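Written out below as structure tokens is the structure these notes cover.
The values are calculated or read from the model by the stated rules, or taken from the named source; none is laboratory data. Worth saying up front: this structure is predicted, and the values here are computed from it rather than measured. Note that each Cβ is placed from the backbone with ideal geometry, even for glycine, and that neighbours are counted across all protein chains shown. For the accessible areas, the whole protein counts, side chains as well, though only heavy atoms, and no ligand, DNA or RNA atoms are used. Shrake-Rupley method; radii C 1.70, N 1.55, O 1.52, S 1.80 Å.
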Amino acid sequence: MDGLGLSIDLTVAWALLLAFAVYVYVVLDGFDLGIGILYPFFRSKDERDLMMNSVAPVWDGNETWLVLGGGGLFAAFPLAYSIILPALYPPIVAMLLALIFRGVAFEFRWKAASAFSKRGWDVAFIGGSTVAALAQGITLGALLQGIEVSGRSYGGGWWDWLTPFSMLTGVAVVLGYAFMGATWLNMKLTGDIQAKVRRFARVFGIATMVSILLVSAWTPFLEQEYFLRWFSFPAALVPAPVPLLVAFIAWRLWTTIDRDGRDWVPFVLTCALFGLCFVGLGISMWPHVIPPSVTIYDAASPAKSQLFMFVGAIVLVPVILGYTAYAYWVFRGKLQPGEGYH
Amino acid sequence: MDTLFFGLDAVTLARIQFGFTVAFHFIFPAFTIGLASFLAVLNGWYLWSKDEAYLNLFNYWVKIFAITFAMGVVSGIVMSYQFGTNWSVFSDKTGPVLGPLMAYEVLTAFFLEAGFLGIMLFGRNKVGPGLHMTATAMVAVGTAISATWILSVNSWMHTPAGYAINDVGQFVPENWLEVIFNPSFPYRLAHTLTAAYLTTAFIVGGVGAWHLLSGRGHHRGVRKMFSMAMWMAALVAPLQVVIGHEHGLNTYEYQPTKVLAMEGHFESYDNGVPLILFGIPDQEAGEMRYELSIPKIGGPILNKGWNAQMDGLDTVPDAEEPPVAIVFWSFRIMVGLGFAMVGIGLWSLWTRYKGRLYDEVWLHRAALAMGPSGLVAVIAGWITTEVGRQPYTVYGELLTVNSTSPLDASAVGASLIAFIVIYFLVFGAGVGYLIKLMLKTPERAPYEDDIDYGPIRSAGLVPGVQQPAPQGRQSGQPAE
């Protein structure tokens, strides 16, 4: 019995740890993918150089959280890993290829000899960032709407992931990342470009809120279990603060985005907004890792596997957060126009 | 799945896709593992000796490192998801054992590399020499830690140990130390890390040789890089022959079929084992055509007597044989290049002794030709070991045909084409940029060129932190 108790606790701990890794990924790569999504609206070379420089020191580390998400899922919930990835084969492959384009654009853009090839890598950066965000959103939607399982493998068809709901979540994530990119740039830039960024922050902020509303309104109707969790009294009292907090943050964002002096506030609020969305998703899905049939307990690897990793993770994750924070600290502050690149 | 895509089934396509993406990926870390250590040495040497030539060399190679590393990162993310997309049954079954090792790779290596890379590339003037050196060393250590974990994973698939099989057919850990330090791991790790260092040495040597051949023999940086690379070749290539031999003996102990395919031994021998140098393997007929061999010495090479008796592939059921021709030829390519590396190393020692290291044109031509030899040898060696353990993914336990995802051939085929087109396009361009950088001389550049290596990862004026030489940077003009 003791062993069973231990394994259940570890499974919950791993679910939380992985959720945390994915959240960190969404926040960190969210703003740097968002910059790629905003790129088309900033056409001059100076603007684009500045925007890219604002994330160039950190994008490598940001993307590593995605590897931790994939690797952690493989290790802690191998059954989920082996069902989700074939089920979402096209969007996952599209995301991986898109990330290749945008990752190399960071380096290649500066090496391109001709204006033509430089523009080519700009397009790769824009396309890669947008497609990666879209594919991540579609993945989220496809997971939330449920995946057909037969035995220990994916039991559905090649196009099951493609539905109006997954399209909506795909677009929602693109808009959300663009919003986060805009609040990041608001924090890192000054002058005319900052004023321009703020206008985009407002537009994408509104679009993000509308998306959140639509996804939130649609989700309870995907599965009865979701509906009961959000709308049956008194159980619904538990998640009730989430939408209220979202509304509060939306209001604070609206009032702080143009305020000078504390430019980090809107960015932090955006991170909190994404955090609340994440909590909302967790409330709907819990305890499933693949709705509607596979729970975290079904998919868990043996206690011996989870424990072995957990011992390391509990020590290493804080260390990683520490030196990641240090790297951000080294490159903190505002980028000056005409400074910070060659 | 029964469907075909241009005559190929889903399993074959998944294997081609994995082989293609991992071979492409492997090229980059094979180079950056050695290059990261080389950069740490250059930086340390510069700090210790204050000799600007080492700083210039650091700044020269760090640009090349940044591009190669970026390509390694993005092609590596693909690998971490491909286990699930194309090999879901394998993932479900091996996840409890292999997943934690990969998770540890992410936690102990990937974050370390990525976290300190920005500081290594662009932080010299922001954090001071000590912390910058630390960051550079962390990146180098990270690459080696990463290789350690992933080679442990790979070795476990060759020589599984420390596991049991549970009631749903998953491999589950019994003893982590036996899993991690499985029988082939120490040999594979030593052989692969050494190969990575040699790969870097020959690329650096080839670049140095090119500049020497272009009449830049007076240039200190060029001379130093060539000299350092030739020392590596002279010292490490012979060592690699010994390590490779030991690795082969270990393989013969645990995967004898693979060694039989490498050596081309279709027949059994009663009285002495020949060493087959060349021949055309005919697997269907079970014989080596046009065989060119030396009698008797194959025995001692495998730690057997001169007149040893040995079972050949004729004693192995056909279904358990790997494709012999691929293994036989890729092994010969790797070994041939290995001995050529030893030859270059010895030749360089001779010319160095004669005082003609920077003047011996034929040595420079040979070193230039051998520039990519490490990459070719690494890929050939990897093909030898991976094709050689077929038909299994987990040797002796899980067949390759039983490891794949339930996907249609058309799905795997379409994604394979996308990977091939995009990899050649993107990484082809990347290799082009690398070669362009390598063709420049490591001059003591004017300041602006010092920071030519890409996006400056700087957040600008930071109170209390020293700014790099300010002139020309505050004026707002793009100094390109």
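Of note:
- Verdict on residue A:195 being within 14 Å of chain B (Cβ to nearest Cβ) and either in contact with a Ser or Thr (Cβ under 6 Å, 6 or more places away or on another chain) or surrounded by fewer than 22 Cβ atoms within 10 Å (Cβ to Cβ) (or both): no
- Residue that is farthest from residue B:194 (Cα to Cα), among those in the range B:153-171 that are open to solvent by less than 20 Å² (accessible area, probe 1.4 Å) and within 13 Å of another protein chain (Cβ to nearest Cβ): B:170
- Residue list for the range A:51-69, restricted to those being free of Cβ contacts under 8 Å to residues at least 40 places away in the same chain and either in contact with a Lys or Arg (Cβ under 9 Å, 6 or more places away or on another chain) or among the acidic types (Asp, Glu) (or both): A:60
- Among the conditions (1) modelled with pLDDT of 90 or more; (2) farther than 22 Å from residue A:289 by Cα; (3) within 10 Å of another protein chain (Cβ to nearest Cβ), residue A:92 misses just one, which is (2).
- Among residues of the range A:159-186 that are in contact (Cβ under 8 Å) with a residue 40 or more places away in the chain, those with a beta-carbon under 8 Å from a residue that is aliphatic (A, V, I, L, M) and not in a helix (DSSP H, G or I) at least six positions away or on a different chain give the pairs A:160/A:147; A:161/A:88; A:165/A:222; A:183/A:257; A:186/A:257.
- Of all residues in the range B:400-417, those that are at the interface with chain A (Cβ under 10 Å from one of its Cβ atoms) and within 10 Å of residue B:10 (Cβ to Cβ) have Cβ atoms under 8 Å from Cβ atoms of residues that are among the aromatic types (Phe, Trp, Tyr) and open to solvent by less than 10 Å² (accessible area, probe 1.4 Å), 6 or more apart or on another chain, in B:404/B:90; B:405/A:89; B:407/A:89; B:411/A:89.
- Residue B:74 vs. criteria among the β-branched types (Val, Ile, Thr) and crowded, with 21+ Cβ neighbours inside 10 Å: yes
- Yes/no for residue B:45 being open to solvent by 10 Å² or more (accessible area, probe 1.4 Å) and modelled with pLDDT of 90 or more: yes
- Residue count for the range B:298-316, restricted to those that are modelled with pLDDT under 85, under 24 Å from residue B:283 (Cα atoms) and of a type in the set (S, T, N, Q): 1
- From the list B:14, B:103, B:23, the lone residue that is open to solvent by 10 Å² or more (accessible area, probe 1.4 Å) and either under 30 Å from residue A:77 (Cβ atoms) or in contact with a Pro (Cβ under 6 Å, 6 or more places away or on another chain) (or both) is B:23.
So that you can scan it fast, the table gives a plain yes or no per residue for (1) closer than 29 Å to residue A:190 by Cα; (2) of a type outside the set (Phe, Trp, Tyr); (3) in contact with a strand residue (DSSP E or B) (Cβ under 8 Å, 6 or more places away or on another chain); (4) within 14 Å of another protein chain (Cβ to nearest Cβ):
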{"site": "A:229", "(1), (2), (3), (4)": "no, yes, no, no"}
{"site": "A:232", "(1), (2), (3), (4)": "no, yes, no, no"}
{"site": "A:241", "(1), (2), (3), (4)": "no, yes, no, no"}
{"site": "A:256", "(1), (2), (3), (4)": "yes, yes, no, no"}
{"site": "A:315", "(1), (2), (3), (4)": "no, yes, no, yes"}
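- Selection from the range A:251-271 of residues that are open to solvent by less than 60 Å² (accessible area, probe 1.4 Å) and in contact (Cβ under 8 Å) with a residue 24 or more places away in the chain: A:253, A:257, A:263, A:266, A:267, A:269, A:270, A:271
- Failed criterion for residue B:289 (all others in (1) in contact with a Pro (Cβ under 9 Å, 6 or more places away or on another chain); (2) surrounded by 16 or more Cβ atoms within 10 Å (Cβ to Cβ); (3) not in a loop (DSSP other than H, G, I, E, B) hold): (2)
- Residue in the range A:27-37 that is buried (at least 24 other Cβ atoms within 10 Å of the Cβ), within 12 Å of chain B (Cβ to nearest Cβ), modelled with pLDDT of 85 or more and in contact with an Asp or Glu (Cβ under 8 Å, 6 or more places away or on another chain) present: yes
- Options B:409, B:429, B:414: the member that is hydrophobic (A, V, I, L, M, F, W, C) and open to solvent by 50 Å² or more (accessible area, probe 1.4 Å): B:414
- Residue among B:80, B:91, B:75 that is within 19 Å of residue B:17 (Cβ to Cβ) and in contact with a Pro (Cβ under 7 Å, 6 or more places away or on another chain): B:91
- Scan of the range A:296-310 for residues that are more than 16 Å from residue A:21 (Cβ to Cβ) and open to solvent by 30 Å² or more (accessible area, probe 1.4 Å), ordered by number: A:297, A:298, A:302, A:303, A:304, A:307, A:308
- The lone criterion from (1) within 22 Å of residue A:75 (Cα to Cα); (2) under 22 Å from the mean Cα position of the chain (by Cα) left unmet by residue B:85 is number (2).
- Residues in the range A:199-243 that are in contact with a Lys or Arg (Cβ under 8 Å, 6 or more places away or on another chain) and part of a loop (DSSP other than H, G, I, E, B): A:239 alone.
- Subset of the range A:82-93 [under 21 Å from residue A:13 (Cα atoms) and either among the small types (Gly, Ala, Ser) or free of Cβ contacts under 8 Å to residues at least 40 places away in the same chain (or both)]: A:82
- Restricted to the range B:117-130, and to residues there that are over 22 Å from the mean Cα position of the chain (by Cα) and either within 7 Å of chain A (Cβ to nearest Cβ) or of a type in the set (S, T, N, Q) (or both), the residue that is surrounded by the fewest Cβ atoms within 10 Å (Cβ to Cβ) is B:125.
- Just one of the listed residues (A:99, A:85) is within 7 Å of chain B (Cβ to nearest Cβ) and either β-branched (Val, Ile, Thr) or within 15 Å of the chain's Cα centre (by Cα) (or both), namely A:99.
- Residue match in the range B:205-212 (condition: in contact with an Asp or Glu (Cβ under 9 Å, 6 or more places away or on another chain), open to solvent by 10 Å² or more (accessible area, probe 1.4 Å) and over 24 Å from residue B:335 (Cα atoms)): yes
- Within the range B:233-254, the set of residues being over 16 Å from residue B:396 (Cβ atoms), β-branched (Val, Ile, Thr) and either touching a Gly at 6+ places or on another chain (Cβ under 6 Å) or in contact (Cβ under 8 Å) with a residue 24 or more places away in the chain (or both) comprises B:236, B:241, B:243.
- Looking across B:393, B:385, one residue alone is β-branched (Val, Ile, Thr), at pLDDT 90 or above and outside any helix (DSSP H, G or I). It is B:393.
- Among the residues of the range B:255-277, the ones that are out of contact with any Gly (no Cβ under 9 Å at 6 or more places or on another chain) and either outside any loop (DSSP other than H, G, I, E, B) or buried (at least 18 other Cβ atoms within 10 Å of the Cβ) (or both) come to 2 in all.
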